[in-house]
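Undergrad: Quick one: structure below, then a few questions.
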There are 2 protein chains.
Amino acid sequence: MTATSETTATPDQAVIYEKIAIIGVGLIGASTALAARRGKLVGHVTACDADPDAVETSRKLGFADEVVGDAKEAVVDADLVIMAVPVGAMGALAELIVPAMKPGAVLTDTGSTKRSVLRDVDPVISDDIHWLPSHPLAGTEHSGPTAGHAHLFDGRYWIVVPRDVPDDVVVRFESFLTGLGSVTERMDADYHDKVLALTSHLPHLIAYTIVSTAVDLETQLKNDVIRFSASGFRDFTRIAASDPVMWRDVFVNNDEAVLEMLQRFSEDLSYLQRAIRWGEKDKLETLFTRTREIRRSIIDAGQD
Amino acid sequence: MTATSETTATPDQAVIYEKIAIIGVGLIGASTALAARRGKLVGHVTACDADPDAVETSRKLGFADEVVGDAKEAVVDADLVIMAVPVGAMGALAELIVPAMKPGAVLTDTGSTKRSVLRDVDPVISDDIHWLPSHPLAGTEHSGPTAGHAHLFDGRYWIVVPRDVPDDVVVRFESFLTGLGSVTERMDADYHDKVLALTSHLPHLIAYTIVSTAVDLETQLKNDVIRFSASGFRDFTRIAASDPVMWRDVFVNNDEAVLEMLQRFSEDLSYLQRAIRWGEKDKLETLFTRTREIRRSIIDAGQD
């Protein structure tokens, strides 16, 4: 009976990748390392960042087995390489590391735009590695390695964009993502960029805009806007505190879908503006009642 | 020593108003009743609503000593009358109840706009009552009497707009508001409406707009926007689920300040739109870095 108890004790889960390399130790990179360790998904984590300060901070935080400054060195022997840098930097990074990767290894990224990443990375991919773009729908307004959190991905979607990659490679990668705590979903790049333009990029753009409007107010009014910010504005400042370089890259790399959604938004805003100017109460009430339904759908979908 | 212990036991705080009447048992009205009881600030609470369902629900919830349907009946003998109805309904309500109020009583309101409430209520005020407009900067996306919460006002600002009212009347009212848990602040109506236009009204208008944009998407895309809403859009849907009638009234009654702020916002949005279209990364990064500072100011101001 004792023997049986021992053998039925939960065994350590088999690692999914023996060695992984994470390039870029911002919020997403550091959180991936922490979550992978928490889930015992990997044997060895190499983290890498071009910024010496980030390297030093990451070594102190100790979320990786080693932290290096050279990306080519980081990826040698890695079974999975994760590019967690701003989308504008993906192309140059891939060009640098792909030749140093071992045959059969998987390369992924965590970029918020997918069409531009494909455009920039596809041309430098070699036949002997598996290029499997992805995007975790997770984040906070905090950035840098100290913002890392082992539970960041719990219950959050992680989109995978498989193309010409053997299914067992995709399935293994998805089991890694599930082990990080996330829920996987396959999507093509065009559709991803359209959905994200409205769910993420446009809300960020609008939040940046309204906070920017406040920045330009005269001092007294600006101070009072800050002081009385709890009435709605505060939520926007949280979003508008997100990483400037990451978001700069998102907008110029998903410009087509963002500009299309922005056009629709501007038309809808003009409609409301006109209704306010002319005191058309019925139009306002009808529209505000319709938007309430969307909130109910989100609660029903368990996304609240 | 025993006698001393007894006399130094905390005495019940003296009530601030013997009788109060709350007209309108939505989120704010119900929460005011609950917080007043919690703080032992009043001897008797009469609640009132024109909607028979709200009256019945409020009776079941039991947050007031009595709940009636007739506003004139509710205000007789009240030392403080609180009008907690949509701002578009304040004028007609005041016209109805002021003649029934007892001399020396205080009349206040909780409306989100102050210039329009003064415009509508001032003409019907009689010399023997004290008219002291106010506005609690508190709320949630939930509405109706069941949304009431005894701690809704804890640490939140409650703006008071005193004009031609004896200072001791204002101070007593402010001690009542402090007893509810709030922090009081005096302000004039014009300035209030300007500050709120940016901190509250414009954010709500924008949230309503972006959710409205989503409503009009084709079905598949709309469903996926709901499904992947956690990336930013979800925060907007929460704001856009607020009470339609209350907000309809806010926009048409603070149209001047809202349209001015909206004009500034639209200019700033066009600037960003152009920067995205032309791939002007420097402009975007500079602006996103500036907006981050505002977030820091809010955290420094303890408004986070």
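Undergrad: Report, ordered by the first and then the second residue, all pairs with beta carbons closer than 9 Å, sequence separation of six or more or different chains, a first member in the range B:240-253 that is free of Cβ contacts under 8 Å to residues at least 12 places away in the same chain and farther than 15 Å from B:Gly24 by Cβ, and a second member that is hydrophobic (A, V, I, L, M, F, W, C) and part of a helix (DSSP H, G or I).
TA: Short answer, once both residue conditions are applied: B:Pro244/A:Leu284; B:Pro244/A:Leu287; B:Pro244/A:Phe288.
Undergrad: In the range B:278-297, what count of residues is obtained for those that are of a type in the set (Gly, Ala, Ser) and farther than 22 Å from A:Lys222 by Cα?
TA: Selection size over the range B:278-297: 1.
Table: residues versus (1) of a type in the set (A, V, I, L, M); (2) in a helix (DSSP H, G or I); (3) at the interface with another protein chain (Cβ under 7 Å from one of its Cβ atoms); (4) farther than 22 Å from A:Asp224 by Cα.
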position	(1), (2), (3), (4)
B:Glu260	no, yes, no, no
B:Gln263	no, yes, no, no
B:Ser266	no, yes, no, no
B:Tyr271	no, yes, no, yes
B:Arg274	no, yes, no, yes
B:Lys283	no, yes, no, yes
B:Leu287	yes, yes, yes, no
B:Arg290	no, yes, yes, no
B:Ile294	yes, yes, yes, no
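Undergrad: Which one is surrounded by the fewest Cβ atoms within 10 Å (Cβ to Cβ) among residues in the range A:45-57 that are among the charged types (D, E, K, R) and more than 18 Å from A:Asp109 (Cβ to Cβ)?
TA: Going through the qualifying residues, I end up with A:Asp53.
Undergrad: Any residue at all in the range B:115-127 that is crowded, with 17+ Cβ neighbours inside 10 Å, among the basic types (Lys, Arg) and not in a helix (DSSP H, G or I)?
TA: Looking through the range B:115-127, none of the residues is crowded, with 17+ Cβ neighbours inside 10 Å, among the basic types (Lys, Arg) and not in a helix (DSSP H, G or I).
Undergrad: Name the pairs whose Cβ atoms lie under 7 Å apart, with the first residue in the range B:1-26 and at positive phi and small (Gly, Ala, Ser), the second modelled with pLDDT of 55 or more and surrounded by 10 or more Cβ atoms within 10 Å (Cβ to Cβ), and 6 or more positions between them or separate chains?
TA: From the range B:1-26, the pairs are B:Gly24/B:Asp49; B:Gly24/B:Met83; B:Gly24/B:Ala84; B:Gly24/B:Val85.
Undergrad: For the range A:91-114, how many residues are surrounded by fewer than 19 Cβ atoms within 10 Å (Cβ to Cβ) and in a helix (DSSP H, G or I)?
TA: Total satisfying the criteria: 6.
Undergrad: Taking the stated definitions as given, is B:Gly302 on the phi > 0 side of the Ramachandran plot and facing chain A (nearest Cβ under 7 Å)?
TA: Judged against the criteria, B:Gly302 is not a match.
Undergrad: Can you say whether A:Gly155 is out of contact with any helix residue (DSSP H, G or I) (no Cβ under 8 Å at 6 or more places or on another chain) and on the phi > 0 side of the Ramachandran plot, as far as the supplied structure shows?
TA: Answer is yes for this residue.
Undergrad: Is at least one residue of the range A:164-172 touching a helix residue (DSSP H, G or I) at 6+ places or on another chain (Cβ under 8 Å), at pLDDT 95 or above and more than 14 Å from chain B (Cβ to nearest Cβ)?
TA: No: zero hits.
Undergrad: Residue check: is A:Gly279 in contact with an Asp or Glu (Cβ under 8 Å, 6 or more places away or on another chain) and either part of a loop (DSSP other than H, G, I, E, B) or among the polar types (S, T, N, Q) (or both)? Don't jump to the end; show me each part of the working.
TA: Numbers: in contact with an Asp or Glu (Cβ under 8 Å, 6 or more places away or on another chain): yes; either part of a loop (DSSP other than H, G, I, E, B) or among the polar types (S, T, N, Q) (or both): yes.
When the stated conditions are applied, A:Gly279 passes them.
Undergrad: Picking from B:Phe251, B:Phe288, B:Phe228, which residue would you name as being touching a strand residue (DSSP E or B) at 6+ places or on another chain (Cβ under 7 Å), modelled with pLDDT of 90 or more and crowded, with 16+ Cβ neighbours inside 10 Å? Show your work before the answer.
TA: Working: B:Phe251 fails: touching a strand residue (DSSP E or B) at 6+ places or on another chain (Cβ under 7 Å); B:Phe288 fails: touching a strand residue (DSSP E or B) at 6+ places or on another chain (Cβ under 7 Å).
After ruling out the rest, the residue left standing is B:Phe228.
Here is a yes/no grid of residues against (1) of a type in the set (Gly, Ala, Ser); (2) touching a residue at least 40 places away in the same chain (Cβ under 8 Å); (3) closer than 18 Å to A:Met83 by Cα:
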residue: A:His135; (1), (2), (3): no, yes, yes
residue: A:Ala138; (1), (2), (3): yes, yes, yes
residue: A:Gly148; (1), (2), (3): yes, yes, yes
residue: A:Phe153; (1), (2), (3): no, yes, yes
residue: A:Val161; (1), (2), (3): no, yes, yes
residue: A:Glu174; (1), (2), (3): no, no, yes
residue: A:Arg186; (1), (2), (3): no, no, no
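Undergrad: Taking the condition of being more than 7 Å from chain A (Cβ to nearest Cβ) and charged (D, E, K, R), how many residues in the range B:233-248 meet it?
TA: The qualifying residues number 1.
Undergrad: B:Thr219 is checked against (1) polar (S, T, N, Q); (2) at the interface with chain A (Cβ under 7 Å from one of its Cβ atoms); (3) over 24 Å from the mean Cα position of the chain (by Cα) and fails just one. What number does that condition carry?
TA: For B:Thr219, the failing item is (2).
Undergrad: With the structure loaded, tell me whether B:Asp154 is under 20 Å from B:Gly111 (Cα atoms) and assigned by TED's automatic domain parsing to the domain that holds B:Ile16 or whether it fails that test.
TA: Values: under 20 Å from B:Gly111 (Cα atoms): yes; assigned by TED's automatic domain parsing to the domain that holds B:Ile16: yes.
Criteria met by B:Asp154.
Listed here are the residues, each with its yes/no results for (1) assigned by TED's automatic domain parsing to the domain that holds A:Ala92; (2) touching a helix residue (DSSP H, G or I) at 6+ places or on another chain (Cβ under 8 Å); (3) surrounded by 15 or more Cβ atoms within 10 Å (Cβ to Cβ).
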| position | (1), (2), (3) |
| --- | --- |
| A:Ile16 | yes, yes, yes |
| A:Leu34 | yes, no, yes |
| A:Gly43 | yes, no, no |
| A:Arg59 | yes, no, yes |
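Undergrad: So which of B:Ser270, B:Ser242, B:Ser266 ends up being of a type in the set (S, T, N, Q), modelled with pLDDT under 95 and outside the structural domain of B:Arg119 (by TED's automatic domain parsing)?
TA: B:Ser242
Undergrad: Of all residues being part of a loop (DSSP other than H, G, I, E, B) and surrounded by 15 or more Cβ atoms within 10 Å (Cβ to Cβ) in the range B:143-160, which is nearest to the other protein chains (Cβ to nearest Cβ)? Just the residue, please.
TA: B:Arg156
Undergrad: So, one more: Go through the residues of the range B:185-199 one by one and say whether even a single one is more than 7 Å from every other protein chain (Cβ to nearest Cβ) and either among the β-branched types (Val, Ile, Thr) or closer than 15 Å to B:Ala240 by Cβ (or both).
TA: Within the range B:185-199, none of the residues are more than 7 Å from every other protein chain (Cβ to nearest Cβ) and either among the β-branched types (Val, Ile, Thr) or closer than 15 Å to B:Ala240 by Cβ (or both).
Undergrad: Given the criteria more than 16 Å from the chain's Cα centre (by Cα), within 26 Å of A:Asp243 (Cβ to Cβ) and at pLDDT 95 or above, does A:Trp131 qualify?
TA: Yes: the conditions hold for A:Trp131.
Undergrad: In the range A:249-256, is there at least one residue being touching an Asp or Glu at 6+ places or on another chain (Cβ under 7 Å) and either facing another protein chain (nearest Cβ under 7 Å) or under 30 Å from A:Ala147 (Cα atoms) (or both)?
TA: Applying the first criterion (touching an Asp or Glu at 6+ places or on another chain (Cβ under 7 Å)) to the range A:249-256 yields A:254.
Right, trim to either facing another protein chain (nearest Cβ under 7 Å) or under 30 Å from A:Ala147 (Cα atoms) (or both) and you get A:254.
The answer is yes, given that some residue of the range A:249-256 is touching an Asp or Glu at 6+ places or on another chain (Cβ under 7 Å) and either facing another protein chain (nearest Cβ under 7 Å) or under 30 Å from A:Ala147 (Cα atoms) (or both).
Undergrad: Of all the residues that make up the range A:161-213, how many are among the hydrophobic types (A, V, I, L, M, F, W, C), under 26 Å from B:Phe236 (Cα atoms) and crowded, with 19+ Cβ neighbours inside 10 Å?
TA: Number satisfying all stated conditions: 12.
Undergrad: Only helices (runs of 4 or more DSSP H) wholly contained in the range B:187-246 count here; list those with 1 or more residues that are over 22 Å from A:Leu272 (Cβ atoms). Outline the logic, then answer.
TA: Details: elements: B:189-196, B:202-215, B:219-227, B:233-239.
Correct list: B:189-196, B:219-227.
The values are calculated or read from the model by the stated rules, or taken from the named source; none is laboratory data. Quantities reported herein were computed from a predicted structural model and do not represent experimental measurements. For neighbour counting, all protein chains shown are included, and Cβ atoms are generated from backbone atoms with ideal geometry for every residue, glycine included.
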